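Data first, discussion second: the structure below is written as structure tokens.
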Amino acid sequence: MATPAGIDYLVITGGSAGIGLATARRFAATGTRVINLSRQPIPLEGAIHIHADFADPTWADAVGTALADHLPDSARLCLVHNAAHKGAGSTTELTAEAMRACLEINSVAPAVLNLLLLPRMAPGSSILYVGSTLSYRATRGMAAYIMSKHALAGLMRATAQDLAGQRIHTACICPGFTNTEMLRSYGGAALEHLASLLTQGRLIEPEEIAETLFYAAGNPVINGSMILAELGFIEP
Ligand SMILES: NC(=O)c1ccc[n+]([C@@H]2O[C@H](COP(=O)([O-])OP(=O)(O)OC[C@H]3O[C@@H](n4cnc5c(N)ncnc54)[C@H](OP(=O)(O)O)[C@@H]3O)[C@@H](O)[C@H]2O)c1
């Protein structure tokens, strides 16, 4: 039975923290059943946690079995690809191993998870990718992460084309500086500086990105879109 949002299940990666947890809470508040895939459990009552480490290239077998245990053959799913690894390193120092590690978690895992779940996705389902402002542009010292987030934009566009006619829509939501552990690891002074670069003079809260994802799940008109959610950068 679909919830008021028209979605039976949210399947989300990286729901243990940050934007993923806020998104799981947003969907759960409407009665949507939540299935989370990450290494740490999701701190949300009633949510199903399936252990997944996307850095391990063999993750798909066990996760596929667990998903089959928890999902019906066909349901309206919203699949949110949110988990990511913030690999550091510039193009002048990056190793092949560091590149592969980042691409494996941020770009390859979403494509593999699509293959596991597409056979169960009824019309009205959606596949949402959490990209970044770095799906559009670049900054110094994060070459592998930037590659992986640009790749995600390409995967979203391919998804929109390849699923034409199936009534499954997709979009890539691209957050700017969001107040989560991923950003807080830079430290207080850096956070103040980042907030000063935005037109609203503050960081984005994870709940604001969750709300954007919730909107995208219920509105197929955005199919194929890159949705920038960055609070407006102040132009130099
Ligand atoms: N915060 C920002 O400023 C910002 C800006 C642009 C884009 N984003 C994007 O927003 C998304 C969420 O980031 P966040 O800021 O919420 O970060 P976060 O708080 O650090 O959360 C990252 C999530 O990814 C999961 N994860 C990381 N490595 C994993 C692995 N090997 N296998 C499975 N799960 C893994 C983590 O779960 P476990 O540790 O439990 O595995 C965690 O739930 C990411 O795609 C990120 O690139 C964030």
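Within the range 93-112, identify whether any single residue is in contact (Cβ under 8 Å) with a residue 40 or more places away in the chain and of a type in the set (Asp, Glu), and answer yes or no. Among the residues of the range 93-112, at least one is in contact (Cβ under 8 Å) with a residue 40 or more places away in the chain and of a type in the set (Asp, Glu), which makes the answer yes.
Scoring residue 193 on the criteria (1) within 13 Å of the ligand (Cβ to nearest atom); (2) surrounded by fewer than 15 Cβ atoms within 10 Å (Cβ to Cβ) leaves a single failure, condition (1). Summed over the range 130-147, the residues that are near the ligand (Cβ under 8 Å from one of its atoms) and either surrounded by fewer than 15 Cβ atoms within 10 Å (Cβ to Cβ) or aliphatic (A, V, I, L, M) (or both) give a count of 2. Selection of the range 215-236 for residues being within 19 Å of the chain's Cα centre (by Cα), within 15 Å of the ligand (Cβ to nearest atom) and among the hydrophobic types (A, V, I, L, M, F, W, C) yields 216, 226, 227, 228, 229, 231.
For the range 115-125: of the residues being of a type outside the set (D, E, K, R) and touching a Leu at 6+ places or on another chain (Cβ under 7 Å), which is surrounded by the fewest Cβ atoms within 10 Å (Cβ to Cβ)? That would be 116. Of the strands (runs of 3 or more DSSP E) that lie entirely inside the range 1-71, those containing 2 or more residues that are in contact (Cβ under 8 Å) with a residue 40 or more places away in the chain and within 14 Å of the ligand (Cβ to nearest atom) span 9-13, 33-38.
Inside the range 72-89, can you point out the residues that are away from the ligand (no atom under 12 Å from the Cβ), modelled with pLDDT of 95 or more and assigned to a loop (DSSP other than H, G, I, E, B)? The answer is 72, 73, 74, 76.
The values are calculated or read from the model by the stated rules, or taken from the named source; none is laboratory data. Model, not experiment: these values are computed from the prediction. Every residue, glycine as well, gets a Cβ built from its backbone with ideal geometry; the counts of neighbours run over all protein chains shown.
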